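This report concerns only the one structure given below.
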Amino acid sequence: QVHLVESGGGQVQPGHSLTLSCAAAENTLSNYAVGWFRQGPGQEREFVASIGRTGGSTYYSTALGGRVAISRDNAKNTVSLQMERLRPGDTAVYFCAAGEQSAYNEKQYDFWGQGTQVTVSS
């Protein structure tokens, strides 16, 4: 059992940047591939980015237009999602998930955090 927690969300103005972080309460995140997903108001949950256990096998949603970067620090058992040039359409709850492989399909992940709210507005 892995309990994930996301942090770093909040309100940000359009055009600004924000970095989210994912950690495991058990400090075991380095054992897993990690994916980031988001769900906006009235929207389906969608893939954002993912990364393999050792930092390879990175994948990005084409819908994000190169505005995100995923990285991990296994010494700290954390995975970060850097977002820049944020738009109102990026407003969503952002979730991190852990699984065996880096993948864009949410069904490939075994553990999910509760999510952190990102609101992009002026």
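Look at GLY15 and say whether it is touching a residue at least 60 places away in the same chain (Cβ under 8 Å) and closer than 18 Å to GLN1 by Cα. If you could, list the steps in order and put the result at the bottom.
Numbers: touching a residue at least 60 places away in the same chain (Cβ under 8 Å): yes; closer than 18 Å to GLN1 by Cα: no.
In short, no.
Would you confirm whether any residue within segment 58-69 is closer than 18 Å to THR28 by Cα, open to solvent by 10 Å² or more (accessible area, probe 1.4 Å) and of a type in the set (Phe, Trp, Tyr)?
There is no residue in segment 58-69 that is closer than 18 Å to THR28 by Cα, open to solvent by 10 Å² or more (accessible area, probe 1.4 Å) and of a type in the set (Phe, Trp, Tyr).
Tell me which residues, restricted to segment 40-55, are in contact (Cβ under 8 Å) with a residue 12 or more places away in the chain and more than 16 Å from ARG87 (Cβ to Cβ).
Of everything in segment 40-55, those that are in contact (Cβ under 8 Å) with a residue 12 or more places away in the chain and more than 16 Å from ARG87 (Cβ to Cβ) turn out to be ARG45, PHE47, ALA49, SER50, ILE51, GLY52, ARG53, THR54, GLY55.
Scanning segment 78-100 for residues that are under 15 Å from the mean Cα position of the chain (by Cα) and open to solvent by 20 Å² or more (accessible area, probe 1.4 Å), which turns out farthest from GLY56 (Cα to Cα)?
THR91
The values are calculated or read from the model by the stated rules, or taken from the named source; none is laboratory data. Keep in mind that this is a model prediction, so the values were computed, not measured. Virtual Cβ from ideal backbone geometry, glycine too; neighbours counted across all protein chains shown. Note: accessible area is taken over every heavy atom of the protein model, side chains too, but ligands, DNA and RNA are not part of it. Shrake-Rupley method; radii C 1.70, N 1.55, O 1.52, S 1.80 Å.
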